[in-house]
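Single-structure report; data block below.
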Amino acid sequence: MRKEIRGYNEVREAARDWETYSSDLLGDRDVRDYRQLPLEADPPRHTKFRMALNPVFSPSALRPLAPDFQELAENLISNLKTKGEFEVIEDLVIPYVIGCLTIIYKRPQDFDEWRAWGPDVWNAAAYMRGEDVHAAELAHRNRDFSAQSPRDGAVLQTYLDRVFDEAEQRVKDGLDERDIWDFVAGLVVDEVPVDRKEMQGIANVLLAGGRDTVIKLLSGFIWHLIEAPEHADFIRADEEHFRPAIQEMARYLSPLPRMERVPREYAVGDDASRDTDEYVLLGFVSANHDPERFENPEIIDFERERNAHIAFGFGPHSCLGQNITEIETVAFLKAVLPEIGHWRFSIEPAIEWVDEPLADGSTTRYLDKFKAIKIQTI
Ligand code: HEM
């Protein structure tokens, strides 16, 4: 069992202290052999990659896309209305999140391919075979790469080989930047053009970072707003209420429950020679459910004061996709709120809860995963 750092203050401190708890490590060791960037690097290399990606994540680039996101959500919902019954994750949330990514990355032609991968790129092969990938996801969330698992990097690799063969050629030919892959292939960091492994590492976080996390957040909103219609009324009452509601759902759900760090003394040598049993975990759930920091952390309270949660991380690696998440979620809620009064659970939502350890040795009941939320429209 690897050590997990738990508790609000402890996790914040460790997340900030990159010199002691380094991100210079290879994650997903079962499915890839290159670093995700900027995630799996320390300053100053980390900072250079992070700055290079800023144009993709800047509010000025993203805000103009909000009407397209909202239109996408409205179209999906209006198609579902005619069905009378639907499943939230498969029929609404996944197509919405994938659709938003195709808009942000200017890759509308990839919608069907990305949709076919399901919620998580590493389980794409199993998902396409129709297997239940939950056990593998759970092991991964606990950063247990030894468990027997259907996880497989081949589907993503095939895709990355194809798009970067093309994008690299376009950069060589001096063609205009057309989409995200042309942008990534043309990046120059520290006066050196990025190499293929670096392109793949960047593409990984762009495709994976905003996928299962946002899927959980949006599914959580539907589940909660049907259970607590007064909270839907609270958001409807004032545009200013969107943001605190999103922050509180992010705190409560903590869609990225933990991340790996390597204590500095073990961050030496190549990845294959390292003792990964010495790696530690930052427990974001334990921080966001720390009763010393949050009153009644097990309750969803959109009016929570000083909600300085760390669901989006803390310190140098804090989430680059927070703007994307907020803009996507506001657009989604604007499309959902006029309809949700007509939605009922057709059967009890299938939710996986786990006993999550806290810093004081107690546990909290943590909502680990939405498996299915079936809705009937009335
Ligand atoms: C509810 C949605 C999301 C949650 C809860 C979330 C959570 C997090 C967390 C906790 C980290 C810090 C990881 C660490 O300290 O090691 C992180 C980093 C990151 N996230 Fe997100 N994320 C979300 C959405 C997104 C989206 C939509 C994208 C982009 C499409 C994205 C891209 C990234 C990137 C690139 C990093 C690495 C930043 C760095 O290393 O400097 N995330 N995210």
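Data table
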| quantity | calculated |
| --- | --- |
| The one condition in (1) free of Cβ contacts under 8 Å to residues at least 40 places away in the same chain; (2) surrounded by 22 or more Cβ atoms within 10 Å (Cβ to Cβ); (3) not charged (D, E, K, R) that Met249 fails to fulfil | (1) |
| Which listed residue is farther than 30 Å from Ala331 by Cα, more than 13 Å from the ligand (Cβ to nearest atom) and surrounded by 14 or more Cβ atoms within 10 Å (Cβ to Cβ), from Arg35, Arg29 | Arg29 |
| Some residue of the range 275-295 being modelled with pLDDT under 95 and over 30 Å from Pro44 (Cβ atoms) | no |
| Glu278 vs. criteria touching a strand residue (DSSP E or B) at 6+ places or on another chain (Cβ under 8 Å) and within 12 Å of the ligand (Cβ to nearest atom) | no |
| The range 281-321, residues that are away from the ligand (no atom under 16 Å from the Cβ) and on the phi > 0 side of the Ramachandran plot | Asn296, Arg306 |
| Per-region count, the range 10-26, residues away from the ligand (no atom under 11 Å from the Cβ) and either within 19 Å of the chain's Cα centre (by Cα) or on the phi > 0 side of the Ramachandran plot (or both) | 1 |
| Residue ID - nearest to the chain's Cα centre (by Cα), chosen from residues in the range 38-79 that are within 11 Å of the ligand (Cβ to nearest atom) and of a type in the set (Val, Ile, Thr) | Val56 |
| Ile94 vs. criteria in contact with a Phe, Trp or Tyr (Cβ under 9 Å, 6 or more places away or on another chain), surrounded by 20 or more Cβ atoms within 10 Å (Cβ to Cβ) and part of a helix (DSSP H, G or I) | no |
| Test: residue in the range 259-275 that is near the ligand (Cβ under 9 Å from one of its atoms) and under 17 Å from Asp30 (Cβ atoms) | yes |
| Tabulated pairs, the range 308-336, first farther than 18 Å from Asn75 by Cβ and polar (S, T, N, Q), second part of a loop (DSSP other than H, G, I, E, B) and near the ligand (Cβ under 6 Å from one of its atoms), C-beta under 9 angstrom, 6+ apart or interchain | Ser318/Phe312; Gln322/Phe312; Thr325/Gly210; Thr325/Phe312; Thr325/Cys319 |
| Ile324 surrounded by 19 or more Cβ atoms within 10 Å (Cβ to Cβ), within 13 Å of the ligand (Cβ to nearest atom) and not in a loop (DSSP other than H, G, I, E, B) | yes |
| Unmet criterion (only one of (1) within 13 Å of the ligand (Cβ to nearest atom); (2) touching a strand residue (DSSP E or B) at 6+ places or on another chain (Cβ under 8 Å)) for Phe332 | (2) |
| For Arg251: the one exception among (1) outside any helix (DSSP H, G or I); (2) of a type in the set (D, E, K, R); (3) within 17 Å of Phe312 (Cα to Cα) | (1) |
| Qualifying position, being crowded, with 16+ Cβ neighbours inside 10 Å, over 19 Å from the mean Cα position of the chain (by Cα), away from the ligand (no atom under 13 Å from the Cβ) and among the small types (Gly, Ala, Ser), among Gly7, Gly84 | Gly7 |
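The values are calculated or read from the model by the stated rules, or taken from the named source; none is laboratory data. What you see is a predicted model; the values in this text were computed from it and never measured. Please note: Cβ atoms are built from the backbone with ideal geometry, for glycine as well, and neighbour counts cover all protein chains shown.
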